[in-house]
Amino acid sequence: MSHAASVHSLWTMSADAPQKIPAPHIEYAQLSPTLIVLGAAVLGILVEAFLPRRVRYAAQTLLTCVALAAAFAAVVALAAGGYATGKAHAAAMGAVAVDGPALFLQGTILLVSLVAVFTFAERRLDPAAHGRPVDSFAAQGAAVPGGRAEQDAVKAGFTTTEVFPLVLFAVGGMLVFPAADDLLTLFVALEVFSLPLYVLCALARRKRLLSQESAVKYFLLGAFSSAFLLFGVALLYGYAGTVTYSGIADVVSGGVRTLDPALAATTGNDALLLIGGALVLMGLLFKVGAVPFHMWTPDVYQGAPTPVTGFMAAATKVAGFGALLRLLYVVLPGLRWDWRPVMWGVAIVTMLVGAIVAVTQTDVKRLLAYSSIAHAGFILAGVVATTPDGVSSVLFYLGAYSFVTLGAFSVVTLVRDAGGEATHLSKWAGLGRRSPLTAATFAVFLLAFAGIPLTSGFAGKFAVFKAAAQGGAGPLVIVGVVSSAIAAFFYVRVIVLMFFSEPKEDGPTVAVPSALTSSAIAIGVAVTLVLGVAPQYFLDLAGQAGVFVR
Amino acid sequence: MENLIGLLVLAPLLGAGVLLCGGRRLDRSGPWLGTLLAAVSFALGVVLFADMLGKGGEERALDVTVFQWVPVGGFRADVGFHLDQLSMTFVLLITGVGSLIHLYSVGYMAHDERKRRFFGYLNLFLAAMLLLVLADNYLLLYVGWEGVGLASYLLIGFWQHKPSAATAAKKAFLVNRVGDMGLSIAIMLLFTTFGTFAFDPVLDRATDAGEGKLTAIALMLLLAACGKSAQVPLQSWLGDAMEGPTPVSALIHAATMVTAGVYLITRSGAVFDAAPDAQTAVVTVGAVTLLFGAIVGCAKDDIKKALAGSTMSQIGYMILAAGLGPVGYVFAIMHLVTHGFFKAGLFLGAGSVMHGMNDEVDMRRYGGLRKYMPVTFVTFGLGYLAIIGFPGLSGFFSKDKIIEAAFAKGGTEGWILGGAALLGAAITAYYMTRVMLLTFFGEKRWQPDANGELPHPHESPRTMTIPMVVLAFGSVFAGGLFSINDTFLKWLEPVTGHEEGHSPVSALTVTAATMLVLVIGVAIAWAQYGRRPVPVTAPRGSLLTRAARRDLLQDDFNHVVLVRGGEHLTRSLVYVDHTLVDGVVNGTAASVGGLSGRMRKLQNGYARSYAVSMFGGAAVLIAATLLMRAV
């Protein structure tokens, strides 16, 4: 404590402690997953700068995949070294936690990102532009849509290989986000992963205006929510005189009083704590897409390039819920009776709104967006449980859900017509007759979303609802089951549409993907089924990883 | 030895599988294969029987657990067999008569295109029936119970191109469902009461349970028995079941399956003994049915339906005896076995007659057949003498004992039951004599068939006559064999127990009375059908005759009370489903859809609106948090 506190005094009490500034002590090995990813991102920028255009694609793909795999190996090594359990602690002077939930979530994020990168690198779906294979991203992001510069870029066969370093930066931020052990690190991590995502959203090759609109909306609203979050951080600092999670928690529980005479007037003022806590919560709820902070989700999911949507829907949610869990379980457990009812309300509204509004959607990407909102509600039900089972069930759900989502969006990239992806649901009619394999795969994902047994969706939903019921949130479970019933309607409707409707004359075709997207989809199906049929091993794993370090 | 029990069931089951899945290649050899497997089963039964005879009375039971069937937590249900003297009796009857009827069917069904399937079903029936009588627990018994029901359904409707056969099969199936429901409820009650399905613990501890509960169980078992054994009030299906091929009527609807109810009651004897009210219900059902069936049998002109009425009546005797408790169990089973012989023989004889008469079933169009079909005449005649209880033949011994036991019930009850049994014996003598006279004696009343051809009656082929001859031997000698030195009583007593009844009238008196009513019955029939020529079209007849021709209005009753009532109930349920349930469901769906459409409009695409919603949300979040603290 004394050591960590003195370092924090470096940030928070600079006024009266200038005489000794000890060199910060950084455990590089324990931070290696993040460092590898961020290092590779920097390398990627150098690749963009110095390698010739024709080799960049191969180099970037390789670099990204290797970096993500290496980072995952580092996570596994740390977990095997006991950092998930016995040796869990706060590294980097108390700024980053290395514990079970952090490692579990980082591992999930890395695996999901690796699979997502497969879809980023896919170059077989879009017809070749002037003899050169192209991916889902704009030829030149800076070119005005429909303008001369764009035509030139397309003609020259440019592709935006910058997406790979951007993804790596985003992943780097996401790795820190659920591990952040003080509010400033949390904020920095949030911005680090958000900014590349804004850019990525704007980079669609087809329907560029829609893509740019979505990016601007996402950016504006994201900035808006960041402001709330930052304001909340300030208020919490005013309350506790520190930004570390453990420090705030100590003040909340009435343990330690006071550090700074200048803050004597505000320290321990519960109004600051409650308002600040609510604002920080709001920032996180925005990222996970909970009602009423969800409105960006459908527009952004629809406009963004589909591989980015899949990545965002899967990885951002994992990171966001990780941070939310840590905040609620480490900083605010003493306030449980204050935030629980509020979170109950948020969870209920999120489940119902997501499920109900999805019923009338006609675009498959928007449908999946609302589905993701409903699922955020289900996960919140597990978060609210405030038991160790609640944590592990949420961890399991996140792992299961992210692969289903990624798989579903990968399938969406395959169904195409002349204008690019055919996302209007009417065009999916009869898909099962013409492309039974693709439709069946999508059906598997839809059934998993609906929570049908033998899919991971069922195991996850069951774990979450069970934890919620045991944590005394029975009404939440009832609303959850009702919402699931409503949600089942629109999932099954798509299956009916695909298999029991007559195909349209001018219907879309299913593109034959390269091994990259194929393997992404195959991994999605495999994980969905394995976690559905034999979830116990992974539930146990999540159970072991369910304790936060303080 | 234990392993042979499994094989006993497996052989016909294998036959059913091979014949039903084997395809056309087996069309020629199939019938013989089915017959062979039935015979194998019979041979195994004989081996086991010989082995059993070598042991003392109390050590004869064999138990074998084949595999764990439903292991769930602390609960277990096994596939296990229990072979004791009672099940041994059934095994020999089922496989013995079964083999004979398989053999008969080879001749009878020779010209049927789908005979392979027919033998497959017959084998399936044998397997299920053996499972029923060999099971060592109620759950497995239920499997056999449903299995014979299925086989019966398939075989009644075997000539499904005839609408009457299809309807009859459906009717049998539906009526049996009612009984089966009783059995399943009984099994559930047994499980909740005793925590197990196995016979031994249930029957050993039967008296531990309260009498009310036991009565409920016993009544449900009785309901099951009524369904399977065609007893009042679930008797209506048996007459129509005669739409099936005649060997089926002989095997399933006379000798074996329909006696399953008697087996069930005898097997569950301990439960019934501890529930006297239920026993009263059993004897009532038995007495009513034995008269009901006999009266119906008097009025029918269709030879098979007349015999079906007789079957119903004879099973009524058995149920009556079983309801008397330990006094009657042995005699119920003894009558069951002798009845198995003579009734199967009678049905096979009827089949033989139909075979020779272009499938004509109306006895008023028979007449004088004794010269044309001598073997059939003699075997049928012996069966006839056996069933009416001619002294020295099988029926005489077994029926006499039941009448005696009925009187031994004592008090008014005893007089009523004994009187009913005696009256039944008189009517039996009457209607069986009528069948005999109409068919084999008198003028030829043959009529041209649908193609305008007069029948040319001829004796049936060997495959058909041999079984008839063998069964005739059984009809003649079985009763005597069982009764000399009380052989059958001593054989079965270790399982069912036995008490000597104390009849208010002496055994000699009962026998004398039985002889007297027999003579009266035969005499009336002779006066009506032997002395005068018989009209080819039936006269209008008295009110009772007309009612009896309509099966004593059972179908009309069922139609008015059950069908109409059921239709009204269904209609009102459909109405409730359409308006209330569907209304709620569709209303919910519609309101969700409507809500969805309205909420969707909030998503207007303007970032400013989204920001406002976030701002509002944040305000609510903060307000709610503060409010929580304030509260």
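Go over the candidates A:V412, A:V357, A:V349, A:V353 one by one and state the one that is in contact with a Lys or Arg (Cβ under 7 Å, 6 or more places away or on another chain), within 14 Å of chain B (Cβ to nearest Cβ) and more than 30 Å from A:Q544 (Cβ to Cβ). Even if it seems obvious, please write down each step before you answer.
On the way: A:V412 fails: within 14 Å of chain B (Cβ to nearest Cβ); A:V349 fails: in contact with a Lys or Arg (Cβ under 7 Å, 6 or more places away or on another chain); A:V353 fails: in contact with a Lys or Arg (Cβ under 7 Å, 6 or more places away or on another chain).
One residue alone meets the criteria, A:V357.
Tell me the residue from A:V530, A:V496, A:V481 that is over 27 Å from A:Y57 (Cβ atoms) and touching a Ser or Thr at 6+ places or on another chain (Cβ under 9 Å), please. First the steps, then the outcome.
Working: A:V496 fails: touching a Ser or Thr at 6+ places or on another chain (Cβ under 9 Å); A:V481 fails: touching a Ser or Thr at 6+ places or on another chain (Cβ under 9 Å).
Result: A:V530 is the single residue among A:V530, A:V496, A:V481 that is over 27 Å from A:Y57 (Cβ atoms) and touching a Ser or Thr at 6+ places or on another chain (Cβ under 9 Å).
So, restricting to helices (runs of 4 or more DSSP H) that lie completely within segment B:1-115, which ones have at least 1 residues that are at pLDDT below 85?
Values: elements: B:2-21, B:30-53, B:85-108.
It comes to B:2-21.
Do we find that B:E2 is within 30 Å of B:T487 (Cα to Cα), touching a Pro at 6+ places or on another chain (Cβ under 9 Å) and either of a type in the set (S, T, N, Q) or not assigned by the TED database to the domain that holds B:D359 (or both) in this structure? Outline the logic, then answer.
Working: within 30 Å of B:T487 (Cα to Cα): yes; touching a Pro at 6+ places or on another chain (Cβ under 9 Å): no; either of a type in the set (S, T, N, Q) or not assigned by the TED database to the domain that holds B:D359 (or both): yes.
In short, no.
Checking the condition of a type in the set (D, E, K, R) and within 18 Å of B:L124 (Cβ to Cβ), which residue from B:D200, B:D180, B:D208 passes?
Numbers: B:D200 fails: within 18 Å of B:L124 (Cβ to Cβ); B:D208 fails: within 18 Å of B:L124 (Cβ to Cβ).
On inspection, the qualifying residue turns out to be B:D180.
When you scan segment B:449-485, how many residues do you find that are under 19 Å from B:R365 (Cβ atoms) and hydrophobic (A, V, I, L, M, F, W, C)?
The total comes to 2.
As an exercise: evaluate A:Q302 against (1) within 12 Å of chain B (Cβ to nearest Cβ); (2) touching a strand residue (DSSP E or B) at 6+ places or on another chain (Cβ under 7 Å); (3) under 18 Å from A:V391 (Cβ atoms) and give the number of the one condition it does not meet.
With (1) within 12 Å of chain B (Cβ to nearest Cβ); (2) touching a strand residue (DSSP E or B) at 6+ places or on another chain (Cβ under 7 Å); (3) under 18 Å from A:V391 (Cβ atoms) applied to A:Q302, the lone miss is (3).
Going residue by residue through segment A:325-342, is there one that turns out to be under 19 Å from B:L602 (Cβ atoms) and open to solvent by less than 10 Å² (accessible area, probe 1.4 Å)?
Just the residues of segment A:325-342 that are under 19 Å from B:L602 (Cβ atoms), to begin with: none.
The answer is no; no qualifying residue exists.
Let me confirm something: among B:D273, B:D240, B:D204, which residue is among the charged types (D, E, K, R) and modelled with pLDDT under 90?
On the way: B:D273 fails: modelled with pLDDT under 90; B:D240 fails: modelled with pLDDT under 90.
The conditions single out B:D204.
Looking at the structure I just gave you, is A:L447 among the hydrophobic types (A, V, I, L, M, F, W, C), under 21 Å from B:V592 (Cβ atoms) and open to solvent by less than 10 Å² (accessible area, probe 1.4 Å)?
Values: among the hydrophobic types (A, V, I, L, M, F, W, C): yes; under 21 Å from B:V592 (Cβ atoms): yes; open to solvent by less than 10 Å² (accessible area, probe 1.4 Å): no.
The answer is no for A:L447.
Restrict the check to segment B:505-519 and report whether at least one residue is closer than 23 Å to B:T167 by Cα and assigned to a helix (DSSP H, G or I).
No.
Of the residues that sit in segment B:581-631 and are more than 8 Å from every other protein chain (Cβ to nearest Cβ) and assigned to a loop (DSSP other than H, G, I, E, B), which one is modelled with the lowest pLDDT?
Only one residue tops the list, namely B:V631.
Specify the residue that is most open to solvent (accessible area, probe 1.4 Å); the eligible residues are those in segment A:244-298 that are within 13 Å of another protein chain (Cβ to nearest Cβ) and among the β-branched types (V, I, T).
Restricting attention to segment A:244-298, the residues satisfying the condition of being within 13 Å of another protein chain (Cβ to nearest Cβ) are A:252, A:269-287, A:289-298.
Keeping just the survivors that are among the β-branched types (V, I, T) gives A:252, A:275, A:280, A:291, A:297.
Numbers: A:V252: 32, A:I275: 48, A:V280: 0, A:V291: 10, A:T297: 2 Å².
Step by step, filter segment A:244-298, then rank; the result is A:I275.
Which condition breaks for B:L552 when tested against (1) facing another protein chain (nearest Cβ under 9 Å); (2) at positive phi?
Tallying (1) facing another protein chain (nearest Cβ under 9 Å); (2) at positive phi, B:L552 fails exactly one: (1).
Let's see how each residue does on (1) surrounded by fewer than 20 Cβ atoms within 10 Å (Cβ to Cβ); (2) not aliphatic (A, V, I, L, M):
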site: A:G407; (1), (2): no, yes
site: A:S426; (1), (2): yes, yes
site: A:L437; (1), (2): yes, no
site: A:A469; (1), (2): yes, no
site: A:G480; (1), (2): no, yes
site: A:V496; (1), (2): yes, no
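Checking B:L569 against (1) part of a helix (DSSP H, G or I); (2) under 28 Å from B:P233 (Cα atoms); (3) modelled with pLDDT under 90; (4) not polar (S, T, N, Q), only one condition comes out false. Which one?
Failing condition for B:L569: (3).
Kindly check whether there is at least one residue in segment A:356-372 that is surrounded by 21 or more Cβ atoms within 10 Å (Cβ to Cβ) and closer than 20 Å to B:L621 by Cβ.
Within segment A:356-372, none of the residues are surrounded by 21 or more Cβ atoms within 10 Å (Cβ to Cβ) and closer than 20 Å to B:L621 by Cβ.
Of everything in segment B:196-215, what is closer than 20 Å to B:T65 by Cα and either polar (S, T, N, Q) or touching a residue at least 12 places away in the same chain (Cβ under 8 Å) (or both)? Give them in sequence order. Talk me through it step by step, then tell me what you get.
The first filter runs over segment B:196-215 and keeps only residues closer than 20 Å to B:T65 by Cα, leaving B:196-204.
Once the filter is applied, which keeps residues that are closer than 20 Å to B:T65 by Cα and either polar (S, T, N, Q) or touching a residue at least 12 places away in the same chain (Cβ under 8 Å) (or both), segment B:196-215 yields B:T196, B:F197, B:A198, B:F199, B:D200, B:V202, B:L203, B:D204.
Considering A:L476, A:L454, A:L516, which residue is open to solvent by 60 Å² or more (accessible area, probe 1.4 Å), over 21 Å from A:Y301 (Cβ atoms) and within 27 Å of the chain's Cα centre (by Cα)?
Values: A:L476 fails: open to solvent by 60 Å² or more (accessible area, probe 1.4 Å); A:L516 fails: open to solvent by 60 Å² or more (accessible area, probe 1.4 Å).
So the residue among A:L476, A:L454, A:L516 that is open to solvent by 60 Å² or more (accessible area, probe 1.4 Å), over 21 Å from A:Y301 (Cβ atoms) and within 27 Å of the chain's Cα centre (by Cα) is A:L454.
The values are calculated or read from the model by the stated rules, or taken from the named source; none is laboratory data. Remember, it's a predicted structure, so these values are computed and weren't measured experimentally. When we count neighbours, we look across all protein chains shown, and the Cβ atoms used for this are built from the backbone with ideal geometry, even at glycine. Ligands, DNA and RNA are excluded from the accessible area calculation, which covers all protein heavy atoms including side chains. Shrake-Rupley method; radii C 1.70, N 1.55, O 1.52, S 1.80 Å.
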